[in-house]
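Working notes, structure below.
The values are calculated or read from the model by the stated rules, or taken from the named source; none is laboratory data. Just so we're clear, the structure is a prediction, and the values are computed from it rather than from any experiment. Counting neighbours? That spans all protein chains shown, and the Cβs are built from the backbone with ideal geometry, glycine included. For the accessible areas, the whole protein counts, side chains as well, though only heavy atoms, and no ligand, DNA or RNA atoms are used. Shrake-Rupley method; radii C 1.70, N 1.55, O 1.52, S 1.80 Å.
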Amino acid sequence: AEAVREQVPEVEQICRLWNVQDAVLSHSDKKFGVEGFYLADREFFTLFNFPFLHGDAETAFDQPSNIVLTARLAELIFGTTDVIGQPLVGNGVFPLTVSGVLTDAPSNSHLRFEALLPFRANAGTIIGEWANTWTSFNFDTYVLLRPGVEVATVAKKLSATFPPKEDFQRENATFTLQPLRDVYLHSDHVQYSSAPQGNLSNIRLVGLVGLLILLIACINYVNLSTARSAHRAKAVGVRKIVGASRAALFGQFLTEAAVLIGLASILAVAIANMSLGWLEEITGKHLTVSQLMTPATGWIMLGTALLAILMAGIQPALQLSRFRPLETLRGSGLTDSPDQNSLRKILVTSQFACSGALIIGTFVMLAQMDFVKKEKLGYDREHIFSFTIDEADPPQVIEALRRQPGVLAATASNHLITNIASQYRGFDFEGKTPNSDPIIRLINPEGDFREVFGLELVAGRWFRPGNEANDGYLLNEAAVKSFGWEGPPVGKWVVFNDRRAPVIGVVKNFHYRSLHHEIEPLIFAQDPAWLRQVYVKTTGENAAQAIASARQVYDQFEPAGLFIHHFLDESYERLYESETRSGRLFSFFAALAIFISCLGILGLATYSAERRAKEIGIRKILGASLTGIVGLLSKDFLKPVLIAMLIASPIAWYFMQDWLQNFAYHIELGWWIFVLAGAVVLVIALLTVSFQSVRAAVANPVESLRSE
């Protein structure tokens, strides 16, 4: 950022953000954990438009100890927002003074901040010397370009700010710019701000599901309207005889569909508003009525209603308006034609194809999430919980933990093992070619780290005890491959963070990020100064005792801190929170689609039984069994369902194969998923049809034949 200010005049403003993990603010002996505690440049207040409730942008960062709070955090700590000048203590050691209060960021902002501290004045103290290291990409940086400049030109100038070094090829250092509007759905860069990330594939999938459910409902309307057209045929004939034109009748029936769908749309809006709480619970997305009722959603609802009117209204209106009056009044022409029966079967098949595709999609999602939970990660995470220390001496904390009851083992590192985020480039290693500049991730492990997590060595040895900073480096298999080394790597040298040391061992690849990502190069470098993430291993029976013991140790060494622990199983599952929520939503949609489809097939089965009542009566008198009659009425519906599953399977395979590409490691789409989904749809359809078929079969034949 400092270089850009001096060398790139096309940039009007630039602002860096860095999330201070596990920050604690203290006031009057009370401690408050703050997740959105950021270091930010002064330009934050002018680059973005979060209004000040108290204070102003000019004076907010006048002093290094100034802190700006959101209204929510100010209310939580002080009980009011008028808190300019109030004292706070950060992480138990930093005296701070409130210099401003901002309005809370709206729920759809990707900037989830609660407190802001001046970046320039505090980066060296809080972040450390690597805050100004060119090869450490750890900040979210926002720029405001001057009007009329070319984005590509600015990007080239950004890359040119990288200083040339003997051990770093300048042409390999490239920076890119991304519009702020694209970050939520199209970016994998925002890592350190805890910014929420959307999933475009999930959004498209949910939109497609919504259209499929709408289509299923429209098919019901068409089928039931055309199936019962005979009941309206004589009325149509009379109206035509007294002068009604076909266009007028067409308009009448289309208007009926429009009124019905219009009323349904109004009811849908009311249900949507009442369901916002449930929607937030199942999706994790906070929506308000004002956000829901926008011009954009208004146009979407209007377009949806018009689409439904066209899909559901035109075909019944065409069929009903083309009846010939003389034929309908004589009673002829009222039975279904072969074309009508064929259309109805096509629609039923389409309906169940949609439902079958949704069920297949649900099964694939559930199977993938089961795979994620059961996949061997290459390390042991059972009964291990973690917490963060800030000011305490890590070796002393770890040694104290090992003596506590309920604790089997303890260790530490710089990052949580489920999501190692730090990445570096520009380092040197033996045999490096001019065009080689791999990105590598870093973990600083404590001596017992390997034993606690059960990491496997494929070559060399682990760090020697008591020689933490100068023993050498370990690499994972992916790092060895990315360096292009052939033969045993042990003994080859690496220069990392200006320290040259030999490779002493190779660790078998393990998943230190979610299964969305390939296993990337990783270097193990011991440095006690960075041991901030503490792990405690216990047993299922002694977990509560171990947590209580860890809390006591924490309070002893971090009296100003706030003890917050997480089991690694929970941390791992949070990596897949979006997919888990999508699976729940998809399951609900699939159940809704099946329910609507069954309503339609039940209506058709009821109508079919009504139309064939006399036939059923005669068959019973002639000795037909209950099973035979049920089979007679059911077979007309089961054949379209079987065909529907044959159609749905390749379509669902295509879309779910695309969804699975979000995971670097995923299940294979086996035949059993499609067979199981087909069996479920078939059984549901059979039960639905059989319900009405049995009713018709057990009816007294005298009732249906008495008028003959």
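Scanning the range 260-282 for residues that are of a type in the set (Val, Ile, Thr) and in contact (Cβ under 8 Å) with a residue 40 or more places away in the chain turns up 261, 282. Count of the range 99-120 residues, restricted to those that are farther than 30 Å from residue 290 by Cβ and open to solvent by less than 50 Å² (accessible area, probe 1.4 Å), is 4. Please indicate, with yes or no, whether at least one residue in the range 86-98 is on the phi > 0 side of the Ramachandran plot and out of contact with any Lys or Arg (no Cβ under 6 Å at 6 or more places or on another chain). Yes, the range 86-98 contains a residue that is on the phi > 0 side of the Ramachandran plot and out of contact with any Lys or Arg (no Cβ under 6 Å at 6 or more places or on another chain). Note on the range 515-527: residues that are open to solvent by 50 Å² or more (accessible area, probe 1.4 Å) and within 15 Å of residue 497 (Cβ to Cβ) amount to 1.
Could you list all residues from the range 121-141 that are open to solvent by 40 Å² or more (accessible area, probe 1.4 Å) and either in contact with a Leu (Cβ under 6 Å, 6 or more places away or on another chain) or not hydroxyl-bearing (Ser, Thr, Tyr) (or both)? Hits for the range 121-141 are 121, 124, 126, 129, 130, 132, 134, 137, 139. It is to be established whether one or more residues within the range 477-487 are among the β-branched types (Val, Ile, Thr) and more than 25 Å from residue 382 (Cα to Cα). Looking for residues that are among the β-branched types (Val, Ile, Thr) and more than 25 Å from residue 382 (Cα to Cα), one finds at least one in the range 477-487, hence yes.
The selection criterion, being of a type in the set (A, V, I, L, M, F, W, C) and buried (at least 20 other Cβ atoms within 10 Å of the Cβ), does not hold for residue 4.
Evaluate the following for residue 255: is it assigned to a helix (DSSP H, G or I), more than 27 Å from residue 661 (Cβ to Cβ), at pLDDT below 75 and of a type in the set (Val, Ile, Thr)? Answer is no for this residue. Close contacts from the range 189-204, counting a first residue that is assigned to a helix (DSSP H, G or I) and a second that is modelled with pLDDT under 75 and not acidic (Asp, Glu), with Cβ to Cβ under 6 Å and a gap of 6+ residues or different chains, come to none at all. Just so you know, in the range 7-38 the residues that are polar (S, T, N, Q) and open to solvent by 80 Å² or more (accessible area, probe 1.4 Å) include one that is modelled with the lowest pLDDT, and it is 21. Of 560, 605, all but one fail to be assigned to a helix (DSSP H, G or I), in contact with a Ser or Thr (Cβ under 7 Å, 6 or more places away or on another chain), surrounded by 15 or more Cβ atoms within 10 Å (Cβ to Cβ) and not acidic (Asp, Glu); the exception is 605.
Selection of the range 11-24 for residues being among the hydrophobic types (A, V, I, L, M, F, W, C) and touching an Asp or Glu at 6+ places or on another chain (Cβ under 9 Å) yields 14, 15, 17, 18, 23, 24. Residues in the range 12-38 that are part of a strand (DSSP E or B) and among the aliphatic types (A, V, I, L, M): 14, 17, 23, 24, 25, 34.
Out of all the residues in the range 662-688, which are in contact (Cβ under 8 Å) with a residue 12 or more places away in the chain and either open to solvent by 80 Å² or more (accessible area, probe 1.4 Å) or of a type in the set (A, V, I, L, M) (or both)? Across the range 662-688, the qualifying residues are 664, 667, 669, 673, 676, 677, 680, 681, 682, 684, 685, 686. No other residue among 370, 380 is open to solvent by 10 Å² or more (accessible area, probe 1.4 Å), under 29 Å from residue 530 (Cβ atoms) and out of contact with any Pro (no Cβ under 6 Å at 6 or more places or on another chain) apart from 380. Candidates 421, 478, 501: the one that is of a type in the set (A, V, I, L, M, F, W, C) and either touching a residue at least 60 places away in the same chain (Cβ under 8 Å) or part of a loop (DSSP other than H, G, I, E, B) (or both) is 421.
Taking the listed residues 72, 120, 42, the one that is closer than 30 Å to residue 284 by Cβ and among the basic types (Lys, Arg) is 72, with no other qualifying.
Based on what the data block shows, is residue 648 closer than 30 Å to residue 206 by Cβ and either among the β-branched types (Val, Ile, Thr) or in contact with a Gly (Cβ under 9 Å, 6 or more places away or on another chain) (or both)?
When the stated conditions are applied, residue 648 passes them.
Within the range 39-49, being open to solvent by 40 Å² or more (accessible area, probe 1.4 Å) and assigned to a loop (DSSP other than H, G, I, E, B) holds for 42, 43, 49. Looking at the range 393-403, can you tell me whether even one residue there is in a helix (DSSP H, G or I), farther than 30 Å from residue 593 by Cα and at pLDDT below 90? Yes: one or more hits.
The rows are residues; the columns are (1) closer than 18 Å to residue 411 by Cα; (2) at pLDDT below 90; (3) among the aromatic types (Phe, Trp, Tyr); (4) open to solvent by 20 Å² or more (accessible area, probe 1.4 Å).
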| residue | (1), (2), (3), (4) |
| --- | --- |
| 444 | yes, no, no, no |
| 451 | yes, no, no, yes |
| 463 | yes, no, yes, no |
| 477 | no, no, no, yes |
| 483 | no, no, yes, no |
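Residues in the range 528-543 that are in contact (Cβ under 8 Å) with a residue 24 or more places away in the chain and assigned to a helix (DSSP H, G or I) were compared, and the one that is least open to solvent (accessible area, probe 1.4 Å) is 543.
If you check residue 596 against the conditions, is it open to solvent by 50 Å² or more (accessible area, probe 1.4 Å), assigned to a helix (DSSP H, G or I) and among the β-branched types (Val, Ile, Thr)?
So residue 596 does not fit the description; no.
Of the residues screened, residue 328 is not one that is within 44 Å of the chain's Cα centre (by Cα) and either small (Gly, Ala, Ser) or at pLDDT below 80 (or both).
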